[in-house]
Structure formats: C-alpha cells, structure tokens
Amino acid sequence: MVDVRTLAAAVLGVALGIVCLAAPGTIVRIQTAGRVPQDRYGRYGEDGPSGGDGGDSGIPTRWIRLVQAVGVVLLVGGAYFGWTLL
Amino acid sequence: MRHLGLNARMAIVGSILFAFYAVAAVVVMGVFGWPLSLVLVGSVLFVGVQYKIGKWMALRSVGAEDLPEDRYPEIHQQVESLSRSMGIEKPRLMIASMGVPNAFAVGRKGAGTVVVSEELLTRLESREVEGVLAHELAHIANRDVVMMVLGQGVASIVAIVAQWAVLLTGDNDIADFFLAIVVGQITQMLVMVFVFAISRYREYVADSDAAGAIGGGEPLARALEKISSANERREDTEIDSQVNALCIFGEKGGIAKLFATHPPIETRIERLRA
C-alpha cells in the first residue's frame, strides 16, 4: 500500500520545484505582493519580474537565484520521496 | 453607483478570501483552542505588521527622499489639485533613482506616499507625468495598497494554517515536514490567484479614475506607450516573445499571466483611448 502523504510529498514537491525553476519571478511576485509595492520593481505599468534572470526586471538577481535554489531542493526532495516509494 | 464593476468583483473575491480565512480560523480555534477574539487580534496584528514593514522597506529599498517643492513646484501643484478633486489628502511626495522610469504608491488615505523615479520625470512630459501621478493617487483613493496587504495577509495566514494542519495530522517524519512546506506554498499561490485577479482589475479602475481626474486618458496612455516602447527595444527578441507566449511556465505566458498584478499594457492603452 502506497503511503499517500509520501506520494503527495513527491508529486507536489516536484511540481513546485519545476515552477520555482521555470518561473522564479512569478514566485517572487507571489511572495512580495502586498509586502512591497508591486510597482516597486521593473518599469512603470508592468509587473515587476519581466525577465527570468532578474537583470532587466529590477528584481534582485539573488532573489531569483534563491528561488531557483529552493526549486532544486524541492525537485531533489520530491524525487527522493518518489524513490522511497519504489 | 461609483465603480459598480469593482464593487461586484470585490464582493465575489472578498467572499472567497473570507471563506479561506474562515476555514483557517476554525482550524486554529479547533486545533489550538484559541478563542475567536485571539484569532482576530492575531490576524490584525499580523497584517498590520506586514503593512508597516512593507511601507518602510519599500521607501528604504529605493532610497526615496522627499521631493523638494522648490525644485519641483509644478508636480506639487499637480498633486495638490488632483488630490483635491479625488477627495483625499495630499500624499507625501518622494523621489528616487530607480534606474528605470517608475512610480508607486504606498500607504493609505490620509497617510499615503507617492514615489516617482528621476528617470520617469526625465523621460515624460508634464501632462504624462500628471497622468502617472493621477493613477497613483487613484490607488491611494481606492485603498488598493491596503487591499493588496489584506489579500497577502489572508493568503499567508491560510498558508501557515495549512502547513500546521499537515504537520499535526502526520507522523512528524521528514516527508511530513517536506509536505507541510510544499502545501503551504501551494495554498498561498491558490489564494493569491484571486488577489491578483482583483489587482489587475483595480489597475483598470485606477486608469479610469486618473483619466477622469485629468480630463482624458491620452496623457497616461502616451506615458505607458513611451515606457513600454523603450522597453520593447531593449528586451526580448521576437522569437523569445513567441516562445514565452506559448509556454505555460516562463515569465510572460500561462502561469505568469495568472499571477500578474498588472493587466497587459496594450489593453490598458486601448482602454484609455477608447
């Protein structure tokens, strides 16, 4: 019998990890909305994170790298829990 | 009735957010045995601290300084006149060097601050700057900043409760801790979808109010056009844009659109000129 919580940890961990790696700016936006003004980064009238590398978006590159690092941890963690189910 | 569309949308999104919050509150009351009064006081404190820290951080992070009235008398006059016509107190005006044309509002009615970048004042003409200022003042008048803080507050509270619910119902093994963190993040994302949806609509309302206050949408439309066209020249190639638009992930299509705080700039310009 597969442990449902471990399976959920594997599937959701990998899914969130992919989002963190592929769209780090979106994750930053979710975390910063309401905490810093949404016009604070990037150009006027645009969403802050317009670029994935943080270079032209005004979002500090280290924030983007941090989210991507978390994405890697989530991917590895999810894969590990998936592996334990095999 | 003023802003009927916004009020209707706020009623729907507000009900959804309240439902999320109510479930979280009931869980906290049931699991931790907190009385309702403590849950409410805790929530208000949580959101209040976020609001205060957010405002302080935003101004500090850009190195904003007061906009000197002797150097920028026209801007002060414009804001004073616009504030009067919008029925709000004149906000504090600040200037910062942000490296790009930008402006943002923080605070609430009666205690608002509008920050403009030096680059914005350099690139735009007087009427266009007035359009931008009117848009920011509309955000303060419509309590958009406060609404965003409230939305994030609810999302954060629900996420924290979801994390604890996973932790407390599990065996406290490593998979449970991992799952709790992931579930918390996903829950926050889910709640923020609704917050961002209303945020995008509030941008249109602020545009419309700004157009009303300055007697037309053309100056703000021109300002947006100038900034975005300069942006396009510098940013992605056409191929990059096409690829981004097709991607579910990436920073310009699919998931990014779902979590966008601003509507597409082209649509805003079209609406301002309609």
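The table for this structure:
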quantity	calculated
Placed amide H near B:Gly99: partners under 5 Å, 5+ positions off or other chain	B:Glu119
Cα-Cα over 25 Å, subset of B:Lys52/B:Lys109; B:Lys52/B:Lys257; B:Lys109/B:Lys226	B:Lys52/B:Lys257; B:Lys109/B:Lys226
Antiparallel bridge percentage (DSSP; both residues within the protein assembly as shown; nearest 5)	55
DSSP bridge orientation in chain B - percent antiparallel, rounded to nearest 5	60
Helical contribution to [θ] at 222 nm, DSSP H n ≥ 4, -39,500 (n - 2.57), averaged over chain B, rounded to 500	-24500 deg cm²/dmol
Cubic angstrom per residue, convex hull over Cα atoms of the protein assembly as shown	145
Calculated FRET value between B:Arg9 and B:Arg71, using beta carbons and R₀ = 51 Å, to 0.05	0.80
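Any read-out appearing in this document is the output of simple, stated calculations on the displayed coordinates, not a laboratory observation. This is a predicted model, so every value here is computed, not measured. Note: ideal-geometry Cβ built from the backbone for every residue, glycine included; neighbour counts use all protein chains shown.
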